[in-house]
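S.K.: Here it is, the structure in full.
Derivation of every value follows stated rules applied to the coordinates shown; laboratory data play no part. The structure displayed is predicted, hence computed values, not measured ones. Please note: Cβ atoms are built from the backbone with ideal geometry, for glycine as well, and neighbour counts cover all protein chains shown.
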Amino acid sequence: MAEDPLDRLPADAVVAVAMSGGVDSSVVAARVAASGRRAMGITLAMWARDREAVRDRGCCSIDAVEDARRVARELGLPHYVWNLEREFEHEVVHEFLEGYASGVTPNPCTRCNERIKFGHLLERARAIGATHVATGHYARTGVRGTRVTLHRARDARRDQAYVLHRLSQAQLASAVFPLGDAGSKHAVREEAARLGLRTAAKPESQDLCFVDSGLDAELRRRLDGRYAPGPVLAEDGVALGEHRGLPFYTVGQRSGLAVAPRRPDAAPLYVLALRPADNAVVAGPRDRLLRTELLAADCSWISGVAPSPGSHVDAQVRSHGTPCAATVLRAGGARLRLRFEHAAQQVSPGQALVLYDGDEVLGGGVIRAAR
């Protein structure tokens with residue numbers, strides 16, 4: 001697994017580097033340029049041009065495009081900017097907003113990687129002669145027989161395989177992740193500084209690249225008229241207070257709940273569930289967040305085959321969470337049910353469930369329910 005993924009490419013490979021204007025993709029571009037392979041830099045413009053606040057917000061911003069352009073020029077790479085605002089809005093942002101409107105907590109990064117970076121970007125890159133797309137994701141690929149495998153990064157703190165779990169065999173066969181074996185983010189910044197890259201000290205971009213004024217403000221603006229205040233209830237149905245609207249809450253949330261425990265000595269309250277049917281938020285003590293089973297839908301598997309019932313796996317239920325041991329109870333028809341070896345917290349409907357066998361990503365789906 002320590003082999004440089006660029007060394008595995010055929011001699012006639014043409015690499016399109018997805019350049020976000022950040023330090024990671026800049027280092028990837030530098031490595032690709034140094035490999036001597038034919039290459040180009042591609043930056044995606046996915047902002048609304050009438051929103052001036054996007055100028056300095058990081059990934060995909062106006063300033064980020066300029067940083068990417070300058071780095072590409074300094075490396076001697078041709079650079080293209082492709083506007084995918086319409087595709088991003090329709091295929092990522094719309095689903096994200098619909099999720100919040102319906103009382104679930106979506107993960108837009110998984111859809112963006114599947115549909116935009118390794119969907120539209122890869123398709124357009126192939127149309128102009130590229131054979132592969134290299135990105136700054138911290139993840140690794142391997143080969144087993146005729147299939148490509150996806151693996152967690154060497155640096156578990158930076159690992160991004162979770163948000164790549166929906167990639168198909170065809171997409172993974174064209175994907176190159178040069179930073180998968182990086183020892184740390186600090187090591188990548190040091191490499192950028194040694195290379196004289198202008199992005200070496202650039203701050204990291206935020207996860208939600210299309211939100212420029214905070215998530216609450218974005219949801220208020222985009223979902224205006226689609227939410228209403230409602231009751232905050234204890235599990236026994238007793239009213240505890242009023243919430244602002246379901247889009248502003250997620251399972252496991254404590255801050256912003258604005259209700260007091262029923263007794264002065266009672267434990268703090270957390271969001272246990274969102275109930276769109278009666279527009280209610282259910283709240284209770286932290287230990288009531290524990291879940292032993294979950295059901296996921298819209299599952300996809302990197303090998304093309306779902307894990308069999310009884311399989312022991314590691315399951316990750318949120319992007320920055322730690323995988324925990326679980327057993328597959330049932331899998332088939334794009335659905336999966338599993339049981340955790342030890343009860344898990346913050347299992348939120350709408351989030352991605354990703355399964356691993358050691359460091360290998362098996363695939364996953366979208367959490368629908370947990371108990």
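S.K.: Before anything else, pin down the relative contact order of segment 290-370: Cα pairs under 8 Å, at least 6 apart, normalised by residue count, whole percent.
M.R.: Numbers: 206 pairs, mean separation 33.0, N = 81.
Reported as a whole number, the value is 41 percent.
S.K.: Using r as the Cβ-Cβ distance of Ser311 and Arg73, and R0 as 41 Å, what FRET efficiency do you calculate, to the nearest 0.05?
M.R.: The formula returns an efficiency of 0.25 here.
S.K.: Determine the relative contact order of the chain: mean sequence separation of Cα pairs under 8 Å and six or more apart, normalised by residue count, in whole percent.
M.R.: 15 percent
S.K.: Have a look at segment 295-349 and give its Rg and Dmax from the Cα atoms, expressed in angstrom.
M.R.: Cα only, segment 295-349: 11.0, 29 Å (Rg, Dmax).
S.K.: Next question, about the same structure. Which whole number of Å³ per residue matches the convex hull of the alpha-carbon atoms in segment 267-371?
M.R.: Values: hull volume 10.3 nm³, N = 105.
About 98 Å³ per residue, rounded to a whole number.
S.K.: In Å, what is the Rg of the alpha-carbon atoms in segment 228-288, and how long is Dmax?
M.R.: Gyration radius and largest Cα-Cα distance of segment 228-288: 10.3, 32 Å.
S.K.: Next question. Quick check: pseudo-label points 7 Å beyond the Cα along Cα→Cβ at His120 and Asp236, how many nm apart are they?
M.R.: 5.3 nm
S.K.: Determine the percent antiparallel among the DSSP beta bridges restricted to segment 13-215, to the nearest 5.
M.R.: 30 percent
S.K.: Report the charge-dipole magnitude of the chain in Debye, nearest 20, computed about the Cα centre from +1 at each Lys and Arg Cβ and -1 at each Asp and Glu Cβ.
M.R.: Here the chain has a charge dipole of around 200 debye.
S.K.: For segment 13-215, report the convex hull volume of the alpha-carbon atoms normalised per residue, in Å³, without decimals.
M.R.: Expressed per residue, the convex hull around the Cα atoms of segment 13-215 is 125 Å³.
S.K.: Could you give the length gained on full extension between Asp278 and Ser168, defined as 0.36 nm per residue of separation minus the Cα-Cα distance, in nm? Don't skip to the end; give the middle numbers.
M.R.: Numbers: separation 110, 0.36 × 110 = 39.60 nm, distance 3.84 nm.
In short, 35.8 nm is gained.
S.K.: Can you figure out the FRET efficiency of Ala343 with Glu89, using R₀ = 35 Å and their beta-carbon distance, to the nearest 0.05?
M.R.: Computed FRET efficiency for Ala343 and Glu89: 0.35.
S.K.: Another question, if that's okay. State, as an integer percentage, the relative contact order of segment 13-215 based on alpha-carbon contacts under 8 Å between residues 6 or more apart.
M.R.: Computed value for segment 13-215: 26 percent relative contact order.
S.K.: Which values, in whole Å and largest first, are the semi-axes of the equivalent ellipsoid of segment 100-168 obtained as the square root of 5 times each eigenvalue of the Cα gyration tensor?
M.R.: 23, 19, 11
S.K.: Could you check what % of the DSSP bridge pairs in the chain are antiparallel, to the nearest 5?
M.R.: 75 percent
S.K.: Follow-up question, since we're still on this one. Would you mind calculating the gained length between Glu204 and Arg371 on full extension (0.36 nm times residue separation, minus the Cα-Cα distance), in nm to one decimal?
M.R.: Stretched fully, the Glu204-Arg371 segment lengthens by 56.5 nm.
S.K.: Go ahead and run the numbers for FRET between Thr327 and Asp287, Cβ-Cβ distance against an R0 of 22 Å, rounding to 0.05. Before the final figure, lay out each step's value.
M.R.: Numbers: r = 23 Å, r/R0 = 1.03.
Computed FRET efficiency for Thr327 and Asp287 comes out at 0.45.
S.K.: What 222 nm value per residue comes from the helices of the chain, counting each DSSP H run with n ≥ 4 as -39,500 (n - 2.57) and dividing by all residues, nearest 500 deg cm²/dmol?
M.R.: -5000 deg cm²/dmol
S.K.: Moving on to the next point. By how many nm would the segment from Arg335 to Arg38 grow when fully extended, if each residue of separation counts as 0.36 nm and the alpha-carbon distance is taken off? Please report the intermediate quantities before stating the final value.
M.R.: Working: separation 297, 0.36 × 297 = 106.92 nm, distance 4.19 nm.
Value of the extension gain: 102.7 nm.
S.K.: If you don't mind, there's one more thing I want to ask. Listing Val238, Val17 from the residue with the fewest other Cβ atoms within 10 Å to the one with the most, what is the order?
M.R.: Fewest to most other Cβ atoms nearby, the residues stand as Val238, Val17.
S.K.: Another question, if that's okay. Using a 7 Å offset from Cα along Cα-Cβ at Ser319, what residues in segment 111-131 end up with backbone N under 12 Å from the label point?
M.R.: Counting backbone N atoms under 12 Å from the label point, the list is 111-113.
S.K.: Which of Lys185, Lys202, Lys117 comes first, and how do the rest follow, when ranked by fewest Cβ neighbours within 10 Å?
M.R.: Details: Lys185 16, Lys202 19, Lys117 23.
With the fewest neighbours first, Lys185, Lys202, Lys117 line up as Lys185, Lys202, Lys117.
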